[in-house]
Structure formats: structure tokens, C-alpha cells
Amino acid sequence: MKINEKIVAGRPMALSKQIIRIMKLTILLMTVCLLQVSALTKAQVYLNTKGESLQRVLKSVSQQSGYDFVYITAELKGLKTGAISLKNASIDESLKACFADQPLVYEISDKTVMVRKKDEVSMIDKIIDRFQEITATGKVVDENGQALSGASVIVKATSKGTMTKADGTFAIDGVEEGAALLVKFLGYEPLEIPAGKSLGVIRLKLSENVLDQVIVRAYDKTSQRLSTGNISTVTAKQIQDQPVSNPLLALQGQVPGLIINQSSGYANSGVTVQIQGPNSLTNGNYPFYVVDGVPYPSTPMNSINSGLFGSTGNGGMGIGFNTRNGNPLAFLNPQDIESISILKDADATAIYGSQAANGAIIITTKRGRAGDAKIALNLQQGFAQNVKFLNLMGREQYLQMRRDAYFGTDGLTSSSPQFAAQYDLNGLWDTTRETDWQKVLLGGTASYTNLQGSLSGGTELDQYQLSLNYNRQTTVNPGDFSDQKAAFHFSQNHTGRNGRFKAQTTLSYLLDYNILPFGDRTALALNLSPVAPELYNSDGTFNWQTTASGASSWSNPMALLAVKAKTKTANLIGNLILSYQLASNLEVSASLGYSSMRQDEFRGLPFATITPQAVAAGVKPSATFANADDDSWIIEPKLSYNLVLGPGKFDAMAGSTLRRNNSKYQAFFGRDYVSDQTLENISSAGTVGVQSSALSEYRYGAVFGHLGYNVGDKYIVSLNGRRDGSSRFGNNNMFHNFWSAAGAWIFSQEHFLSDQLGWLSFGKLNLSYGSVGSDGINDYAFLSLYGASGSGPYQGVIIQEPVNLPNPNIQWEETRKFNAGLTIGLFRDRILLTADYYRNRSSNQLLSYTLPYITGFSSVPANFPATVQNKGWEFTMSLKPFSGGGLTWSSNFNIAFNRNKLVAFPDLATSSYSSSFVIGQPISAAQRAQYAGVNPQTGLYQFYRADGSLTDNPDYPSDYKYMDTAPKFTGGWFNTFSYRGFTLDVLFQFVYGNRQMNSLKIGSLFPGRLLNQPADLAYWRNPGDNASVQKVTVSNNDIQNLVYTALSSDFVWEDGSYARLKNASLSYQLPEKWIKGLHLGNARVLCSGQNLNLFNLTKYSGLDPETGGSALPPLRVITFGLQLGF
């Protein structure tokens, strides 16, 4: 019960006290009469609060204990409790915790608690208290006893404070003994303790609140609670159970604003990544990757065996190799990753300058922790299968289509010269047999094996982590193909005895041996005739089903799969961070990083792959060899300073970056081998030559700084600046400045809100604005370059000729970013909601300026005053809907809306880009002919003109319209259900509004030829037919030319919206008594599935709306695992 009393001015206080006595007596009588039984029971109070209104806490105590409270409301206004955690507490224990360090006293009479203000302290008492002040000392450590350097220790009543030294110790002078000290450290629960002369060791507990989760930024760490920028984090728990070999694939559906698409279902396949949309018109839109402080390549190296893997995105302008397949992050072991941070806004990325124009992805690997040595084993074995097959024509339907094309449309006969090449009509092929080539070429079962072992532990001064990994994946194609990886990871943290000197070392090495088919054979499986010949002859050799002249009548798919393609890749990343604390608040450090990726490739065409007619012409086995090296080192010295200044905490940082990258690529060919056994020995080739080569060096330097001020975890300001220099620009524009300013207001700390809104446990508003840039062009684009002439030697000398026109005045692209964010926590943060609005504008676009051919070159690099805008909303919701009775359910939902468009491009209409871009449209939009169906009378495709009339020959670009292929929104939903030892994790990913190409809507090129077609191909046969596909033909060029127009139309682009059950993992943690009986530290069994189900929201008719086209879709992977700890 609560009694509010308003004291009227001028009324005697005695009267107030008399009223209180009368009310107290009334309450006592009510208590005796109505709560007699309750009074005999012992109060059991449960409290778990931190900085909540004292009135609300007292109300909770009253409800749980049955005790009534009498107080004057005005005297409790604005008062908050400290951190209280009580279970099954008595009323005395509860009241002592609630009124600790409060300007109030209380008395208990029966079951009524009387609360009043403390008596004023006299001047004499204050003088005595002054003489009784002490110097409070102690040492702050974590749960493992490791010193926490930089923890803040503040006297709660006065905001006077300090920060712990390198060894975790602190000393605060002039503290009243018993005064409340508040100890805080990032990622840990705050702890409130009474001040004493020697407090000894103070242990902080890791916070389980997602708001306090540590977030890794560019050069420091923060938390979601204190962050001023837009940063998302994915932890090891969200990665470890997903059977993926590329960590990027574990991020799909987990981060708002991050779009990740897998280009095929093969291991090491290309992965495109975009953060908040594309910023550059034609240059690379890749994010900046950092692994343990070392920049990591965003694009794969040049390759001769990359045709299988699919693209990883656009590669940029200038000279060199721009179209590259595969993805370099396939050479990182996901099991070694502790966390991945995705940096989006200017506050998070500006300190990286030009490197992070498209956002940044920071990968932090696992490190050891103090404690006994622990061995962990993670063993997984499983299988993978193709999840979808198309419904293609069977034997009878296919042969009818062939007859309609040859005898019907083309009007040919068995006497026509073209009949000799119609093998399925002239009797050369056995048309009584039928083969489902999808089952033969794509219907196999791939195996998946992942074995991980680790050793970790250490003391307070030294911690270590060592891990080994082996991963093997095969394919669904027939043949002995596999991708094998062996990985090694090591980290060590060392702290000097006085805590001042620290050294952190990380080393990761992965060796990949890839033997996979040369090229994706999915298109072949869709196109091969169902009556095509047998694969093998009776003697086991490849069947070419030769004609009377001895020529092969088809391309045997097994011969294509027999091409030997081998790639060995070695990836090394090392980093050493040395730091020394010069003073309690001043630290100097240096990060020294090195990365190296080396790739050796071989591709051989043995005798078995050569067609009979080629053998007759003297063609012999051949081979291609290639090697690529990419080496990089980086040095980053840094000075950090922090200080408790006034009511807040001030921090500053200054540093510099020196970076160099060297790339080399060489490819050779060997021809006229006499034996398959010597194919990998280039000296055995009859002819040897250079296919291509490239060599480049990139240098980068920068200085950067940061200023920050935090007032009581309520008002936070962050300023960043960086000056970059890049070797990709000439002397006039080699350097550029980038900056950001950001602030956050944690309004839930304001008393006027917290007292009125009891359900609001956290609220933060953050704003940021700044600039980042891009030097994402090829090396030496500003110079005049020379290369070997393609016309061969002149008088025995290799000719060097110009290969480009220079432009020493090209400048940096620049992106200005604005972000506004709101975070709200409800009901003790059981519900967390975040909303971010962003607007990014990229200008000074680097493009190729088209030149007349009389200049000798088609273009020159130049800056255009074009501006690309991305703006949108990102929302996340984190819930803990249920927890009790052994069952817990946590849920995380995210969704993002991005709108991209070209907002300015002066003189676009007269430029060479007038047909590529349009102001007001997304830059991903492309012009498409407007499909109008099939003319019922002629049976030919027809299209709309701009005026709405019909034609079979639309004019480009006047009759074409822009069509955007980007999704309208993307997101994901992750759930965890736990019951006793069982845990079920479920991840859904969804994409809506994207357009995906499906060329099979008009059939395989070209309907009517020796190619299979979809079973529902409704082609035109007779006048008056209402068909979606024109008449089929074998050799009519006029009809076939219309196929190209149809392929450039909007007809072959379908709505590719989908939702996918991306991952589901069911695990069981063995009971503690079983584990002890087995002498184990941990034991867990699990079953995990990846790409389990595809919910085709719009009935996309192709194989998969993510990969599109005729690429192998993402495979469904099922694994069974055992995790043991010793």
C-alpha cells in the first residue's frame, strides 16, 4: 500500500505527522483483520534491478512480501536504486538493498514500513566526515581473474572517479568510507560496492544483456548500448552450427541491410556482397574486409579454373582482369571465427577512410582465455543434394517438337541436305531410349565432412588458443571431385607482470586443394536431348556416336567432366599487436600485419576429351598452368588516451597506416603432349607459350584520429578524421580527407522519462554524418602504360605498345553518409527494437570517358559529376517471449528497405552512358524490350513500341523501358528454443521484389534444335494459337534472331521473391552427471541442415531465384555432429 501526502505551505508539520500516525493505525487494523495468515509467513522477495525508480521497486517488494509502505511521494521522486539481484530474500535484506545510499531512513512496525528523509547533517558532522575520508583501492578482474584495464570506478554520489591501470588496480582519494562505488567495464555487468581502504579483488560478471554485447569497431570496441553508429554483429554461436565453408554464407538473413547472394552450389563459389546498396556506377561495390586487424582481399585472384564458381561482383574499370569468379573468403575457416561486425554508417567507417566506402566487415578470430587447458572437438559428417529439378520434355514430346520444327516450320524433308545433321530424326540416335540428364549429371549425393579440434587455456598473464580443421566436400556431379581444406589457427595473449606491456599474436593458415569440374554442367543437363546416345561404349570408352564420316554427333558430357582442373590455394594471415601503457591513461601500440595468398592451377585436356574429328585432324592433349601471388603488409602505430574528465569520460586516439600490396599473375600453355601421364609436366609439351601475365604494386598511407566524450552513459559524442594517400592517383590528387561526427542520447537515463514510463528499460537516439571515399580502380589507371603487342615480334624483337591513355587528374569518389537510429528496450529489455534511417550519396563517379576511334583508344578514365543515392530503413526486433519451466524462447527478426537511384548526372543525354542510366532510376535498372506475346497469325514474337503499337523489331533505346532487378526488401528471422538439454535453432531468410532472369521461359537456345525444352513450353503451331513462345525452327535465321530480342525483353525476367529455411539445428547437451561419468567437460550431439526448404513466393519457374539462370542451385546439406570437451 502507498500513501501519498501533499504538504500544504504553512501547515504545521506536526499535523502531517499526526495524519500519518492515524493512517498507520488504520493500516495496522486492516492488516490484522485481513492479512492474519499472510503475516505468519516469511517474505520471499525476488529482485533483479539496475537503476530503476525506487517507487517501482518498493511497489514490487510490497506485492511480493505483503508489507505496506507509507511515504511522501515528493521525497522519493527521482530516486533510483543501484544494481540489486536478490533471490528468496527476507524483507530486511530487501529493504537494506533498496535504501542503500539513499537520503532516506525507514522503520518497520508489524507489516508496515514507514519511510522518511534523513536528518540534515550538521556542520560539525561534515567536518568529522571530512577527516574520516579514505583512499579507496582495489583491483578489477574478470570471472577468470584476468585484470581489466580501463575499467571506470566512480563515486556514485559525486561522480568523482578514475580508471583502472594496466594491471587492473585503482586508487581514489577523498572518498567517504562506505560510499557507493560504481565499477563498469565494457561487456560486463556494472557492480556497486561500498568504498573501503582496501577492497581487494573485484570480480565483474559478463553481461547476458544483448545491449552490453561487445562490438568490434575499426580500432576499438564498444557495445550496442553505447554505440553512436550503425553496427551489426554476428557471433560464433550463430555461425558454428551452419555447415558452410565460406563465413559470408552464415550471414545470410542475419543482418539488416546486408545482401548476400551465392552464385552457385559448388564449394568456393562466388558470393556477391552489398551493404546498403551499390554506391558506384561501374566500379567495385565490395565492402572492406579486415581479419584480425589485417586488410583482406575483397576480390579473388585471376584464375584459369574459375568458370565453375560464378561471379563475386563487378570488378571495376581500367586495365587488368576485371571479371573474376569465386570468393576469397572461402579460404577462411568459419569455425575459427569469434565474431563478425558489419560497419555501415559514417561514424563506424569514416576512420577507415577510402577503404570502407561500401561499408566494412570486421572478422575477429577466437582467442584463448585464462583457465585450465581445455580440449574441444567438433566432428560433423553429412551429405548434400540438389533440391530442385525442372520438368523437361520426355522422349515423345521432344521428338514431336523436333518434327514440328524440321518438317513443319522449316518445310524440310528427309531429302534436304540439313537432314544429315538431324541425328534424332535420321536414325543415327536410338530414339527408343530416354535419359533424364538432370538425374545423371546433377542427381548425385555429395558428402560433407568437417573435423575441428582446439586447445585453449592459460594464466592471468598468458592465454593461448590452438586449433586444427579439416573440411572435405564433394559434388553432385558424377566423377571423383572434391574440395579439401586443412586449416591451422593460433593466438596468444601475453601481459607483463606489471600489466603495462601486452602482446597479442594471431596466425591463421589454410591450404585448399580443389579438384572440381571445369565449368558448371547444369546448363548441359537442362539442354541435352532426352534421346541422346549412351555415355560409354561397351569397352568403357566415351561414346561419341560417330557419323558416317567419323565425326562425333554430340558433346559427351562425361568427356567434358573428364577435363582435369586442379587448384591449390594457400592463405596466410598473421598479426602482432604490441602495446605499452606509458601512464595510467596513456597507451602506445603498434599493429603489424601480413597476409599472403598463393594459388597454383592446372587444367589438362587428356586424349579422352578430344573428339574423333579433332583426333583425325592431329589435335593432341594440351594443358594450361597458372600461378598467382598476392602479398600485403600493414603497419599501424597508435596512441590512445583516456581520462575521467568532469562528469564524463574522455577518450582520444591518433594513429597512422602504412600499407603495401604486391600482386603477380602468370599463365602458360603447353600443347601437343604425347601422353596423358605427362600432362602436368610442362617440359613434356611439344609447344610451350605464355598465355598472359600481370604485375602490380599498390601503396597506401594515412593518418587518423578519434575524439570521444561520454557523460554518465547518457550523452555520448564521437568525432573521427582521416587523411588518405593512394598510389592509384596522380600527384595532384593523391591525398584526400574523410571525417565523421556522431552523437547518442540515452534518454532512458533521464528521470523525467524513467519515472513516468516504467515499461521503458532502455532508450537511445543516435545520429551520425560524415564522408568516406573510394580508390576502387585498377592500379596505374592514371599512368600511360605499355604492353607487349598482340601482333607478335618484329624482326625478332617483342614490340611494346601503348595500351591506354593516361589521366593524371582522376580523383577520389566520395560518399556522404547520414544515419539516424533509435533503440528501445521494453520490460527489462525482454523486447529490444531498433530502427535506422540512412541516406548515402556518392559523387564524383569514376567512369570511362568514351573517345573517338581516331584517338587510337576507345576511352580514358575520368570523373563524372554524377551522384548515386541509397536511402532506406533498417529494423530489428529482439524478443524473449518465454522463459520458465525449463523452456526458453528467444527470437531475432530483421528487415531492411533500400531504394537506390541516380539523382544527378549533368549532360547524361549527350554522354556515352545515356543508354545505360537514367536520372531517377536505380543504377541496377536496365533497358528491356516490352514483350507483347506471340502474333496469333504469324507465330512470331512481337513487342510494344513506345507509342503502344506492335512490332517484331523494336528500336533501341526508344522502344525499351527500364526495369529494376533489385529487391524491395530483405531480411531474416532467427529463433532459438531450449528445453532442458535440447536446443533448436531455426533461421529463415527472405527476399522480396527482386527480378531474376529465367531464359527457359522461351526455351533453351534455340527451340526446335537438338536441345531439350521445358515440358510446359507452349509454342505456336497453327494460325489463331494463343501461345507464349513463337514457332520452333531448326535453321530459320529470321525466326532465331527474334529469340535474341526476346532474351533482351522483360518476358524472361520473373519475380524472384522467396523465403528460405536457411538453417535448422537441433542439439542435445548431455546431462551433467553423464558428462562427469564419462570424465568429460562437455558433450553435445547435433543435427544441422542448410538450405532445407525454399518457399517460392511467386512461383519462380527457374531452378533457384537466388542463383537464377542455369547455375547449380545451393545444395541442401544435412549433417550429424558430436561436440566434446575435455
Seminar exercise, completed: Only one of (1) over 25 Å from Ala1018 (Cβ atoms); (2) crowded, with 16+ Cβ neighbours inside 10 Å does not apply to Ser958, and that is (2)
Exercise. Restricting to the stretch 486-502, what's the tally of residues that are in a loop (DSSP other than H, G, I, E, B), charged (D, E, K, R) and within 36 Å of the chain's Cα centre (by Cα)?
Worked result: 1
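Hey, does the stretch 963-982 have a residue that's under 30 Å from Leu425 (Cβ atoms) and surrounded by fewer than 21 Cβ atoms within 10 Å (Cβ to Cβ)?
Scanning the stretch 963-982 turns up no residue that is under 30 Å from Leu425 (Cβ atoms) and surrounded by fewer than 21 Cβ atoms within 10 Å (Cβ to Cβ).
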Problem set entry | strands (runs of 3 or more DSSP E) wholly inside the stretch 706-793 containing at least 2 residues that are of a type in the set (Gly, Ala, Ser) and assigned by TED's automatic domain parsing to the domain that holds Tyr286 | none
Seminar exercise, completed: Considering residues that are farther than 17 Å from Met558 by Cα and buried (at least 19 other Cβ atoms within 10 Å of the Cβ), the number found within the stretch 491-521 is 11
Problem set entry | Of the criteria (1) touching a His at 6+ places or on another chain (Cβ under 6 Å); (2) farther than 27 Å from Glu177 by Cα, which one Ser65 fails | (1)
Problem set entry | Filter pass, Thr435 being under 28 Å from Val563 (Cβ atoms) and within 29 Å of the chain's Cα centre (by Cα) | no
Exercise. Which residue, of Ala616, Ala608, Ala583, Ala626, is touching a residue at least 24 places away in the same chain (Cβ under 8 Å), among the small types (Gly, Ala, Ser) and either farther than 30 Å from Thr547 by Cβ or surrounded by 20 or more Cβ atoms within 10 Å (Cβ to Cβ) (or both)?
Worked result: Ala626
Exercise. If only one of Lys1031, Lys1076 is more than 30 Å from Asp959 (Cβ to Cβ), among the basic types (Lys, Arg) and either assigned by TED's automatic domain parsing to the domain that holds Gly307 or not in a strand (DSSP E or B) (or both), which one is it?
Worked result: Lys1076
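Can you tell me which of Ile577, Ile515 is β-branched (Val, Ile, Thr), at pLDDT 95 or above and either under 37 Å from the mean Cα position of the chain (by Cα) or farther than 30 Å from Leu390 by Cβ (or both)?
Going through Ile577, Ile515 in turn, just one is β-branched (Val, Ile, Thr), at pLDDT 95 or above and either under 37 Å from the mean Cα position of the chain (by Cα) or farther than 30 Å from Leu390 by Cβ (or both): Ile577.
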For this session: Give me a count of the residues in the stretch 795-815 that are surrounded by fewer than 18 Cβ atoms within 10 Å (Cβ to Cβ), assigned to a strand (DSSP E or B) and in contact (Cβ under 8 Å) with a residue 12 or more places away in the chain.
Result: 3
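Of everything in the stretch 456-473 that's crowded, with 20+ Cβ neighbours inside 10 Å and more than 25 Å from the chain's Cα centre (by Cα), which residue is nearest to Thr164 (Cα to Cα)?
Ranking the candidates gives Gln463 first.
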Problem set entry | Members of the stretch 902-916 found to be surrounded by fewer than 20 Cβ atoms within 10 Å (Cβ to Cβ) and either in contact (Cβ under 8 Å) with a residue 12 or more places away in the chain or of a type in the set (S, T, N, Q) (or both), listed by number | Val903, Ala904, Pro906, Leu908, Thr910, Ser911, Ser912, Ser914, Ser915, Ser916
Problem set entry | Tabulated pairs, the stretch 435-446, first in contact (Cβ under 8 Å) with a residue 60 or more places away in the chain, second hydroxyl-bearing (Ser, Thr, Tyr) and not in a helix (DSSP H, G or I), C-beta under 8 angstrom, 6+ apart or interchain | Ala446/Thr474; Ala446/Thr475
Exercise. Can you name the residue in the stretch 557-580 that is hydroxyl-bearing (Ser, Thr, Tyr) and surrounded by 21 or more Cβ atoms within 10 Å (Cβ to Cβ) and, of all such residues, is nearest to Leu329 (Cα to Cα)?
Worked result: Thr569
Seminar exercise, completed: Those residues of the stretch 890-901 which are buried (at least 16 other Cβ atoms within 10 Å of the Cβ) and either out of contact with any Pro (no Cβ under 7 Å at 6 or more places or on another chain) or touching a residue at least 40 places away in the same chain (Cβ under 8 Å) (or both) amount to Ser890, Ser891, Asn892, Phe893, Asn894, Ile895, Ala896, Phe897, Asn898, Asn900
Seminar exercise, completed: For Tyr286, the lone unmet condition from (1) farther than 28 Å from Gln492 by Cβ; (2) at pLDDT 90 or above is (2)
For this session: Would you mind stating whether Leu1000 is within 35 Å of the chain's Cα centre (by Cα), closer than 29 Å to Asn870 by Cβ, not in a loop (DSSP other than H, G, I, E, B) and not charged (D, E, K, R)?
Result: no
For this session: For Gln942, state whether it is over 33 Å from the mean Cα position of the chain (by Cα), assigned to a loop (DSSP other than H, G, I, E, B) and either without any contact (Cβ under 8 Å) to a residue 60 or more places away in the chain or surrounded by fewer than 19 Cβ atoms within 10 Å (Cβ to Cβ) (or both).
Result: no
Exercise. Which residue, of Asp483, Asp539, is assigned to a loop (DSSP other than H, G, I, E, B), among the acidic types (Asp, Glu) and not assigned by TED's automatic domain parsing to the domain that holds Leu308?
Worked result: Asp539
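The values are calculated or read from the model by the stated rules, or taken from the named source; none is laboratory data. Everything numeric here is computed off the predicted structure, so don't read it as measured data. A quick note on method: Cβ atoms are made from the backbone with ideal geometry, for glycine too, and the neighbour counts reach across all protein chains shown.
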